[in-house]
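Here the structure is laid out as structure tokens; the discussion comes afterwards.
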Amino acid sequence: MTIAVPTSRRTADHYRLPDVVRSEWTKFTSLRSSRWTLAGFVVTGVVLGVVISAVWASHWPHLSAHSRANWDPTNNTLAGLIPGYLVIPFLGVLMMSSEYGCGSIRSTFAAVPRRPLVLVAKAIVFGAVAFVVDEVVTFAAFLAGQKVMGAAPHATLGQPGVLRALVLSGAFLALMGLFGLGLGAIIRRSAWAIAAYAGLVLVLPMVLRAFPGNPWRFGPLIILGNSEAAVRILPGILSPWAGFAVMALYTAVALVAGGVLLVTRDA
Amino acid sequence: MSEGQIVVSGLAKNYKKVKAVNGLSFVVEPGRVTGFLGPNGSGKTTTMRMIMELDAPDAGQARVGGRPYHELAWPLREVGALLDTKAFHPGRSAERHLLALAQANAIDRSRVAAVLDIVGLTSVADKRAGAFSLGMGQRLGIAAALLGDPGVLLFDEPINGLDPDGIRWVRNLVRGLAAEGRTVLLSSHLIGEMALTADHLVVIGRGRLVAELSMAELQARTPQFVRVRTPEPERLAGVLREAGIALTPQPDGSLSVTGADTDTVADTAAANGIALHELTPEHASLEDVFMELIHDSIEYHASTPRGSASAAAAATHTRRTS
């Protein structure tokens with residue numbers, strides 16, 4: 001005879017993803033270094049967005065007709081995301097690799113021996129945090145940046161493509177953070193994983209410029225700077241949604257590979 | 001009854017070409033402290049890591065309460081382990097470290113304060129764990145092991161870095177946990193420590209099982225002999241041998257008598273009018289017996305001065321007893 005028991009966290013028969021997410025949330029929020037790094041990114045991001053917007057706007061009276069035709073005030077303010085190109089993926093890497101560096105991964109896997117759950121929980125926590133922080137920077141840099149445009153044309157949230165650019169840019173950067181998390185699970189050593197990120201995302205696309213067929217346009221930073229964060233998209237660049245799908249693919253590959261290696265390698 | 005048992009069967013693990021663990025089998029029963037004894041590098045830590053499934057074995061299996069570790073419903077509520085001195089992030093406070101572990105297994109928050117109190121870290125609960133001394137780190141590791149109030153406990157060299165007070169505290173804690181009916185596996189390379197803590201011993205060397213016996217059995221194995229000094233050692237040796245009593249003359253002129261107790265030696269000497277200057281019953285040390293047990297399994301015993309000295313001591317006792 002079975003009796004239907006209302007299930008709650010307390011009466012669950014084994015640990016589940018929400019338990020692990022709670023645990024990872026406590027871990028992430030209890031490190032002063034990650035809190036300060038994110039706060040620093042918000043401040044520098046907004047300041048940078050404002051400064052770069054003001055500098056560009058001051059050039060407006062001298063710009064050629066061609067440059068004026070391609071004037072993209074949204075894109076100018078989103079220069080504020082540039083510090084995030086490094087900060088967000090590095091934090092993603094560290095979320096995994098620092099556990100291997102200090103040995104706490106043993107405590108983590110002792111509590112959660114089904115290791116993929118750990119990676120999924122970290123992805124949920126860090127993905128959510130990175131998404132919120134990135135959107136805060138994106139919107140704050142945009143709103144503040146538009147105030148310093150002076151005589152140059154402004155952008156407003158209501159204009160076509162602007163809201164898309166803001167939301168997708170922040171989301172894209174969060175994906176880059178999750179890509180870093182995957183790299184951290186694959187490589188496990190913080191320094192090497194960060195070097196791998198720099199090689200793949202910063203160096204490789206530059207090398208690809210030498211190759212025919214424009215393969216460099218698949219570089220994450222090219223997509224982010226010229227497609228996601230842009231309202232006027234130049235020819236030869238992936239469309240925002242195609243670019244977002246490409247980054248989602250990179251991220252999925254990194255996370256799946258990281259998850260497989262997490263299971264097959266000794267902790 | 002498999003409840004709370006740790007069963008290790010045919011476990012093997014190779015690192016590169018080194019066989020760290022090589023066909024190891026043993027059972028750890030609840031309600032007593034099982035000492036996991038072996039020299040450094042004999043495979044104790046690797047075995048414990050395989051029980052926890054942190055490392056995958058190349059052969060064999062380990063079961064806790066009849067199940068592989070990853071099938072435990074709430075691992076920390078069933079198995080508590082101290083495997084590394086540093087299994088925490090240095091930037092996180094002790095309290096947050098334990099809270100994160102508690103949340104992962106839906107362990108009540110109140111347990112965090114409770115175990116911090118048990119290990120005596122309440123006053124530094126909010127301090128960064130990176131600033132902890134080795135001994136405090138060890139206490140935090142023990143707190144994590146106790147967090148889920150588990151029935152099975154694994155302690156790998158728990159007294160490392162502890163001061164004498166801490167060592168005594170761990171000893172009492174471990175004995176108390178076993179007395180409550182829990183399964184306790186405690187590794188050490190120090191037989192003296194085991195003699196004070198363990199009820200049962202699993203002795204390994206070079207990744208292989210050397211002996212599985214109770215502490216009492218091991219103590220019974222320590223050779224007993226009577227140390228005799230006399231001005232006439234040759235004559236006493238002669239009359240004792242005539243009486244069928246085994247002995248070994250020692251370089252300092254004394255005799256080690258293994259075939260009789262003090263009364264017999266004294267009576268024999270008196271009957272023959274031989275004066276005795278000393279008559280002392282002695283035990284070989286547990287270290288000697290331990291070294292004898294693992295004699296063949298120590299990797300480089302001939303080249304390490306400490307090891308070879310003890311091995312030589314064990315060898316003399318072996319000759320005396322045989």
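The values are calculated or read from the model by the stated rules, or taken from the named source; none is laboratory data. In this text, all values refer to a predicted model and were calculated from it rather than measured experimentally. Virtual Cβ from ideal backbone geometry, glycine too; neighbours counted across all protein chains shown.
When you scan the range B:46-63, do you find a residue that is over 21 Å from the mean Cα position of the chain (by Cα), part of a helix (DSSP H, G or I) and more than 7 Å from chain A (Cβ to nearest Cβ), even just one?
No: zero hits.
Could you check the range B:154-200 and list, in sequence order, the residues that are more than 14 Å from chain A (Cβ to nearest Cβ), buried (at least 16 other Cβ atoms within 10 Å of the Cβ) and among the charged types (D, E, K, R)?
B:Glu157, B:Arg171, B:Arg175, B:Arg182, B:Glu193, B:Asp199, listed by residue number.
Does A:Ala229 meet the test of being closer than 22 Å to A:Leu86 by Cα and surrounded by fewer than 18 Cβ atoms within 10 Å (Cβ to Cβ)?
When the stated conditions are applied, A:Ala229 does not pass them.
Looking at the range B:10-26, which of its residues are farther than 18 Å from B:Glu53 by Cβ and surrounded by 15 or more Cβ atoms within 10 Å (Cβ to Cβ)?
Correct list: B:Lys19, B:Asn22.
Checking A:Leu86 against (1) within 13 Å of another protein chain (Cβ to nearest Cβ); (2) free of Cβ contacts under 8 Å to residues at least 60 places away in the same chain, which single condition isn't satisfied?
(1)
Which numbered condition trips up A:Leu208, out of (1) touching a residue at least 24 places away in the same chain (Cβ under 8 Å); (2) touching a Pro at 6+ places or on another chain (Cβ under 8 Å); (3) not polar (S, T, N, Q)?
Unmet for A:Leu208, out of (1) touching a residue at least 24 places away in the same chain (Cβ under 8 Å); (2) touching a Pro at 6+ places or on another chain (Cβ under 8 Å); (3) not polar (S, T, N, Q): (1).
Could you please find all residues in the range A:88-107 being surrounded by 24 or more Cβ atoms within 10 Å (Cβ to Cβ) and among the β-branched types (Val, Ile, Thr)?
Scanning the range A:88-107 gives A:Ile88, A:Val93.
Matching residues to (1) modelled with pLDDT of 95 or more; (2) farther than 30 Å from B:Met291 by Cβ; (3) more than 8 Å from chain A (Cβ to nearest Cβ); (4) in contact with a Pro (Cβ under 9 Å, 6 or more places away or on another chain):
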| residue | (1), (2), (3), (4) |
| --- | --- |
| B:Arg109 | yes, yes, yes, no |
| B:Ala131 | no, yes, yes, yes |
| B:Gly148 | yes, yes, yes, yes |
| B:Val152 | yes, yes, yes, yes |
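Which condition from (1) more than 21 Å from A:Val112 (Cβ to Cβ); (2) more than 10 Å from every other protein chain (Cβ to nearest Cβ); (3) touching a residue at least 12 places away in the same chain (Cβ under 8 Å) is the one that B:Lys13 breaks?
(2)
If you go through the range B:156-175 one residue at a time, do you hit one that is over 23 Å from B:Val79 (Cβ atoms) and in a strand (DSSP E or B)?
No, there is no match, as no residue in the range B:156-175 is over 23 Å from B:Val79 (Cβ atoms) and in a strand (DSSP E or B).
Quick check on the range A:31-46. Is at least one of its residues of a type outside the set (Ser, Thr, Tyr), closer than 22 Å to A:Gly161 by Cβ, buried (at least 20 other Cβ atoms within 10 Å of the Cβ) and at pLDDT below 95?
no
Restricting attention to the range A:30-53, report how many residues are in a helix (DSSP H, G or I) and within 30 Å of B:His89 (Cβ to Cβ).
Matching residues across the range A:30-53 total 15.
Residue check, B:Ala73 against (1) outside any loop (DSSP other than H, G, I, E, B); (2) surrounded by fewer than 24 Cβ atoms within 10 Å (Cβ to Cβ); (3) within 11 Å of another protein chain (Cβ to nearest Cβ), all met but one. Which one?
That leaves (1) as the condition not met.
Every residue in the range B:76-104 that is in a helix (DSSP H, G or I) and more than 7 Å from chain A (Cβ to nearest Cβ), please.
Answer for the range B:76-104, where residues must be in a helix (DSSP H, G or I) and more than 7 Å from chain A (Cβ to nearest Cβ): B:Arg77, B:Glu78, B:Ala94, B:Glu95, B:His97, B:Leu98, B:Ala102.
State whether one or more residues within the range A:97-104 are at positive phi and either within 14 Å of chain B (Cβ to nearest Cβ) or of a type in the set (A, V, I, L, M) (or both).
The answer is yes, given that some residue of the range A:97-104 is at positive phi and either within 14 Å of chain B (Cβ to nearest Cβ) or of a type in the set (A, V, I, L, M) (or both).
A:Lys27 fails exactly one of the following numbered conditions: (1) surrounded by 24 or more Cβ atoms within 10 Å (Cβ to Cβ); (2) more than 30 Å from A:Gly258 (Cα to Cα). What is the number of that condition?
For A:Lys27, the exception is condition (2).
Yes/no per residue for (1) under 36 Å from the mean Cα position of the chain (by Cα); (2) of a type in the set (Asp, Glu):
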residue	(1), (2)
B:Arg208	yes, no
B:Glu217	yes, yes
B:Phe225	yes, no
B:Glu234	no, yes
B:Ile245	yes, no
B:Pro251	yes, no
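Given the condition buried (at least 21 other Cβ atoms within 10 Å of the Cβ), away from chain B (no Cβ under 14 Å) and among the hydrophobic types (A, V, I, L, M, F, W, C), answer yes or no: does some residue in the range A:108-121 qualify?
no
Only one of A:Val132, A:Val162, A:Val167 is β-branched (Val, Ile, Thr), at pLDDT 95 or above and in contact with a Ser or Thr (Cβ under 6 Å, 6 or more places away or on another chain). Can you tell me which?
Matching residue, one of A:Val132, A:Val162, A:Val167: A:Val162.
Sort out which residues of the range B:111-129 are among the β-branched types (Val, Ile, Thr) and either more than 14 Å from chain A (Cβ to nearest Cβ) or under 27 Å from B:Arg63 (Cα atoms) (or both), and write them in order of number.
Result: B:Val115, B:Ile118, B:Val119, B:Thr122, B:Val124.
Select from the range B:189-205 the residues that are aliphatic (A, V, I, L, M) and either touching a residue at least 60 places away in the same chain (Cβ under 8 Å) or touching a Gly at 6+ places or on another chain (Cβ under 6 Å) (or both) and list them in ascending order.
Within the range B:189-205, B:Ile191, B:Met194, B:Ala195, B:Ala198, B:Leu201, B:Val202, B:Val203, B:Ile204 meet the criteria.
Among the residues of the range A:233-267 satisfying the criterion of being farther than 30 Å from A:Ala69 by Cα, touching a residue at least 12 places away in the same chain (Cβ under 8 Å) and within 17 Å of the chain's Cα centre (by Cα), which is nearest to the other protein chains (Cβ to nearest Cβ)?
Ranking the qualifying residues of the range A:233-267, first place goes to A:Leu255.
Being surrounded by fewer than 24 Cβ atoms within 10 Å (Cβ to Cβ) and among the hydroxyl-bearing types (Ser, Thr, Tyr), is that true of even one residue in the range A:68-84?
No: zero hits.
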